[in-house]
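Remarks on the structure that follows.
The values are calculated or read from the model by the stated rules, or taken from the named source; none is laboratory data. Since the structure is predicted, the reported quantities are computational estimates derived from the model, not experimental observations. Here the Cβ is made from the backbone with ideal geometry for all residues, glycine too, and neighbour counts use every protein chain on show. Side chains included, ligands, DNA and RNA excluded: accessible areas come from the protein's heavy atoms. Shrake-Rupley method; radii C 1.70, N 1.55, O 1.52, S 1.80 Å.
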Amino acid sequence: MARGVGRALVQWVIDESRRLGKKRISIHTIPVMHSAMRMYESLGFVRRPDRDQVWEPVVGWAYVKTL
């Protein structure tokens, strides 16, 4: 993937969600995706372990951004 494409996609989701009047965005990643977690946090997402999901054998870690 070209550098910056993931950030651009997530930013588009944030902008579109705001345009649609959404109040929050939830996103999941897996524990080994350290770069994704850093990017989400830099965009204002907060880790929410209470919203994690289990997809055997992997756990999806939840991040939430309030708009």
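Which value, in Å² rounded to 10, gives the accessible area of ARG38 with a 1.4 Å probe and all protein chains present?
140
At 7 Å along Cα-to-Cβ for each site, give me the label-to-label distance between ARG38 and ASP15 in nm.
In this crude spin-label approximation the distance works out to 2.4 nm.
Tell me the accessible surface of VAL46 in square angstrom (1.4 angstrom probe, heavy atoms of protein chains only), to the nearest ten.
Answer for VAL46: close to 90 Å² accessible.
Diagonalise the Cα gyration tensor of the chain and give the resulting equivalent ellipsoid semi-axes, square root of 5 times each eigenvalue, largest first, whole Å.
Working through the eigenvalues yields semi-axes of 20, 16, 10 Å.
For region 42-56, in order, what is each residue's ³J(HN,Hα) by Karplus, 6.51 cos²θ - 1.76 cosθ + 1.60 with θ = phi - 60°, in whole Hz (x at glycine and Pro)?
Each residue's phi maps through the Karplus curve to give 5, 8, x, 7, 10, 5, 10, x, 5, 10, 4, 10, 9, 10, 2 Hz.
Helix-only mean residue ellipticity at 222 nm, the chain, DSSP H runs n ≥ 4 weighted -39,500 (n - 2.57), per residue, nearest 500. What is it?
-11000 deg cm²/dmol, from helical runs alone.
Suppose a student asked you for the relative contact order of the chain, using Cα pairs under 8 Å spaced at least 6 residues apart; what percent would you report?
35
Students sometimes get this wrong: rank ILE27, ILE14 by accessible area, probe 1.4 Å, all chains present, largest first.
Output order, biggest surface exposure first: ILE27, ILE14.
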